[in-house]
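Written out below as structure tokens is the structure these notes cover.
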Amino acid sequence: MPRPISARIHLDAVRQNLQLVKRLAPSSRVWSVIKANAYGHGIERIYPALAEADGIALLDLDEAVRVRELGWEKPILLLEGIFEPADVETADRHRLTVTVHCDEQLALLKTSRPRERIDIQLKMNSGMNRLGFRPGEFEAAWERASGIEAVGSIGLMSHFANADDGAIDWQTDEFDVATRNLPGTRSLSNSAAVLWHPRAHRDWVRPGTILYGASPTGRARDIEGFALRAAMTLESRIIGVQTLAPNETIGYGRTFTADRAMRIGVVACGYADGYPRHAPTGTPVMIDGVRTRIVGRVSMDMLTVDLTPCPAAGIGSSVELWGEHVRVDEVAEPSGTIGYELVCALARRVPVSIDAGVTNEPEAHSA
Ligand SMILES: *Cc1c(COP(=O)(O)O)cnc(C)c1O
């Protein structure tokens, strides 16, 4: 028998999160962002839940080809565009939309002879200072792009630096001024802007993390008002129980000292499974449906939990590390990171299953 740890991917949660995006941005089309192997959830696993999306956005050409091979007919956007001449051929063969953020990428398109024109998203650096043409040079970049034989339609896009803190106007204004004379669709909004900044929704939104039910700010409380459901549950079992006397310590570094007699559960989950080693004493966890806390240091294959609130728990008790009841952000925040990082870093050794959920699709032949 394998170790009892496993992850479950909830397709209904992704479907519902996508529906929420569409309700929040009813006039926009949706690029579902599934980079990094669908934020660690697995592209092939998540794929059936994306049917209602208008497009799929990711970074890796191999991932884009995988999505086409799954049968996706709608647009696929490469968020970082192409890297070398052979990529133009791949984009052509699989009808990929490519982001163009620099002149080197325009040069690659200029020297290429694709069978069909390649649709691009011309990217503006409106203040993030990562990728894109500066506002002052954007119109000229658009002119150069539109003069290239291989270029099809030109969409206009940019990315926010701190939509999660509420500040988007400075970038949106830059974008609007610099694109006022240009035709084409607009795309600005990541998850945070989908939730909090309708002004930026425009023609296409680009949600990632909220499709998986994690908070764009890294704080679970910020998404409490939205019906976002966790797409991943990481669960395990208790494999050992210790009863500590007052003043005894637990685990490496002896970072936790019992102040009274207490029962401790040992859970088959450690940092080699993707649980953060920086999770401090007090990080929430659920045992047999009861919320409690981890105590002491997380080790490679195990962590320890306080069984005081769940006296009936023992070996074999079920443990939710994160998921429906304990949001991944509640584990991430005290660990100094964000839910994005934890789900992306789920370890390969954790077996993953798919919870297809209850589908409400109407019967095809109901008379
Ligand atoms: C990752 C990414 C997104 C999605 O960001 P979330 O915060 O996960 O919604 C959108 N646009 C671009 C360009 C990205 O790289």
(request) Being aliphatic (A, V, I, L, M), part of a helix (DSSP H, G or I) and surrounded by fewer than 20 Cβ atoms within 10 Å (Cβ to Cβ) narrows it down to one of 194, 177, so name that one. (result) 177
(request) Go through (1) under 24 Å from residue 354 (Cα atoms); (2) touching a residue at least 60 places away in the same chain (Cβ under 8 Å); (3) in contact with a Gly (Cβ under 8 Å, 6 or more places away or on another chain) and name the single condition residue 210 misses. (result) (3)
(request) Kindly indicate whether any position in segment 132-147 is within 29 Å of the chain's Cα centre (by Cα) and either outside the structural domain of residue 80 (by TED's automatic domain parsing) or among the small types (Gly, Ala, Ser) (or both). (result) yes
(request) Determine which single condition residue 145 fails, assuming it passes every other condition in (1) buried (at least 17 other Cβ atoms within 10 Å of the Cβ); (2) part of a loop (DSSP other than H, G, I, E, B); (3) more than 16 Å from the ligand (Cβ to nearest atom). (result) (2)
(request) Would you list the strands (runs of 3 or more DSSP E) that sit entirely within segment 302-361 and hold 3 or more residues that are more than 26 Å from residue 255 (Cβ to Cβ)? (result) 352-355
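Being in the same structural domain as residue 214 (by TED's automatic domain parsing), without any contact (Cβ under 8 Å) to a residue 60 or more places away in the chain and within 12 Å of the ligand (Cβ to nearest atom) narrows it down to one residue among 81, 71; which is it?
81
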(message) Checking residue 121 against (1) without any contact (Cβ under 8 Å) to a residue 24 or more places away in the chain; (2) within 13 Å of the ligand (Cβ to nearest atom); (3) more than 30 Å from residue 222 (Cα to Cα): exactly one of these is not met. Which one?
(response) (1)
(message) Suppose the filter is within 16 Å of the ligand (Cβ to nearest atom), at pLDDT 95 or above and of a type outside the set (D, E, K, R); does residue 155 pass it?
(response) yes
(request) Among the numbered conditions (1) free of Cβ contacts under 8 Å to residues at least 24 places away in the same chain; (2) part of a helix (DSSP H, G or I), tell me where residue 247 comes up short. (result) (2)
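Specify the residue that is farthest from the ligand (Cβ to nearest atom); the eligible residues are those in segment 180-191 that are assigned to a loop (DSSP other than H, G, I, E, B) and of a type in the set (Ser, Thr, Tyr).
185
Take residue 91 and tell me if it is over 30 Å from residue 197 (Cα atoms) and surrounded by 23 or more Cβ atoms within 10 Å (Cβ to Cβ).
In short, yes.
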(request) Name the single residue, out of those in segment 214-248 being polar (S, T, N, Q) and surrounded by fewer than 14 Cβ atoms within 10 Å (Cβ to Cβ), that is nearest to the ligand (Cβ to nearest atom). (result) 243
(request) Just need a number here: residues in segment 194-210 that are aliphatic (A, V, I, L, M) and within 8 Å of the ligand (Cβ to nearest atom). (result) 2
(request) Answer yes or no: is there a residue in segment 32-45 that is within 13 Å of the ligand (Cβ to nearest atom), farther than 18 Å from residue 214 by Cα, touching a residue at least 24 places away in the same chain (Cβ under 8 Å) and of a type outside the set (Asp, Glu). (result) no
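Filter segment 161-171 down to residues that are surrounded by fewer than 23 Cβ atoms within 10 Å (Cβ to Cβ) and within 16 Å of the ligand (Cβ to nearest atom) and give me whichever is modelled with the lowest pLDDT.
Selected residue: 166.
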(request) Exactly one condition in (1) under 14 Å from the mean Cα position of the chain (by Cα); (2) within 16 Å of the ligand (Cβ to nearest atom) is not met by residue 55; state its number. (result) (1)
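The values are calculated or read from the model by the stated rules, or taken from the named source; none is laboratory data. Remember, predicted model here, so these are calculated numbers, not experimental data. Glycine also receives a Cβ, built like all others from the backbone with ideal geometry; neighbour counts cover every protein chain displayed.
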